[in-house]
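Please treat every number below as a calculation from the coordinates, not as lab data. Bear in mind the structure is a predicted one, so any value in this text is a computation, not a measurement. In this analysis, Cβ positions are derived from the backbone assuming ideal geometry, glycine residues included, and neighbour counts consider all displayed protein chains.
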Amino acid sequence: MAKIAIIGLGLIGGSLGLALKAAKLPNLEIVGCDRDNEALAKARKLGATDKTTWNLREAVEDAAMVIISTPIVTTREVLEAIRDDLPPNCVVTDTGSTKAAVMTWARELLPREISFVGGHPMAGKEAASIDAAEATLFKDKPYCLIPSPDASEAAVQAVNGLINSIGGKALFLDAEEHDQFAAAISHLPIVMSTALFTLARSSLAWQDLSKLASSGFRDMTRLASGDPTMNHDISLTNRGAIIHWLDRYMEELSRYRDLLQEGKEGSLFELFTKAQLDRDAYINRTERHDEGPLPEIPPLNDQLASMLVGERLVQRMRDIGKLISGETPREPPDRKNNGGHRP
């Protein structure tokens, strides 16, 4: 009977337990460990674990694999607490959203005979508790793997096999590369979402603004409802990469602001059109589970924009720009020679 210990029974830890149980792997015992007795009780009720305990030593005893699924900063405490109780050749992995700090802690704290393979499932929800756990959370989602340099091949394959069994797609990266990439597509959106909400909420007109807010505002600020502890730990352990992408984002916002300030409607139209085409191509590829390269959308000009979105729409954008600048819009062809009367 192989034993997997899951330390931390929140959304990710609980979902891992459910996914492993759903995989029906033979001769596997799942032991859940958490400081919260309520989380332990819910894990048992949901069937995410075979056994539960609040005791770390008991959890890792005789474990073939230990999965640390706690808040990132707590990971260091867990590694320090379990290092002397890990059985020989045990594989240790984690699910933290940042990796450079975690890999350093593992190298400093774990015995050399213990293989550490860093992990980060690119899956989640706003809710962080086990109440939101589901067996299909990782299905078809990228699952980043960052093996330590001295991790055994068997350990890497064991974690890779776990990812396959829960429906994830292993993606091998090094720690610095992971943290830069994650900062751009995961951590920056958290900051953006939170900042947008705090901006609107702090306005003196919030009572009126909130009455107008609908699906667009709700979608854009969804990540602001995420777990504050997780968001704090991400920011603390990946500060440099997040600041880098924040600076680039502010530069991009400044570019849009300058175009608005200058009234360059043609350039704005090209930006919006190209962004739509690029994003649609990305979404279509994602829905098809296509792992090939994204098609390159060439720089737009009036002729290409006319082909893609229609001459009438392009002309309408030009006319709107002329109205704003005080010029007289060109009369559409179907309105000429109509005695001044519009159909």
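Treating only the Cβ atoms of Lys and Arg (+1) and Asp and Glu (-1) as charged, compute the dipole magnitude of region 136-259 about its Cα centre; round to the nearest 20 debye. Display every interim value, and only then the final one.
Numbers: 11 positive and 15 negative charges, 137 e Å.
Result for region 136-259 is approximately 660 debye, rounded to the nearest 20.
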Long-range amide H contacts for F138: which residues qualify at under 5 Å (H placed 1.01 Å from N, peptide plane, sequence gap of 5 or more or a different chain)?
none
How high is the FRET efficiency between A22 and R222 when r is their beta carbon distance and R₀ equals 35 Å, given to the nearest 0.05?
0.85
Mind listing the phi-derived Karplus ³J(HN,Hα) values for region 216-230, rounded to whole Hz, using 6.51, -1.76 and 1.60 with θ = phi - 60°, and x for any glycine or proline?
x, 5, 4, 5, 5, 10, 4, 5, 5, 8, x, 4, x, 5, 4
At 7 Å along Cα-to-Cβ for each site, give me the label-to-label distance between R83 and I243 in nm.
2.9
Using alpha carbon centroids, what distance separates region 133-164 and region 167-186, in Å?
12
Under a plain spin-label model, where a point goes 7 Å from the Cα along Cα-to-Cβ, how far apart in nm are S203 and A127?
3.0
Between W54 and L196, the FRET efficiency computed from the C-beta separation at R0 = 41 Å comes out, to the nearest 0.05, as 0.60
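Expected output is a single nm value to one decimal: the length gained when fully extending between K264 and F172, i.e. 0.36 nm times separation in residues minus the C-alpha distance. What is it? Before the final figure, lay out each step's value.
Working: separation 92, 0.36 × 92 = 33.12 nm, distance 4.32 nm.
Difference between extended and current length: 28.8 nm.
Among E251, E61, what is the fewest-to-most ranking by other Cβ atoms within 10 Å? Don't skip to the answer; put the middle values down first.
Values: E251 9, E61 16.
So the residues, fewest neighbours to most, are E251, E61.
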Report the Cα centroid-to-centroid distance between region 194-244 and region 57-113 in angstrom, as an integer.
32
Contact order relative to length for region 91-229, counting C-alpha pairs under 8 Å separated by 6 or more residues, stands in percent at 25
Per-residue counts of other Cβ atoms within 10 Å, averaged by peptide: what ranking do you get for 198-206, 141-149, highest first?
141-149, 198-206
Any lysines whose Cα falls less than 24 Å from that of K45, other than same-chain ones fewer than 8 residues away, would be K3, K21, K24, K125, K139
Between R279 and L236, what is the label-to-label distance in nm when each label sits 7 Å out along the Cα-to-Cβ direction?
3.4
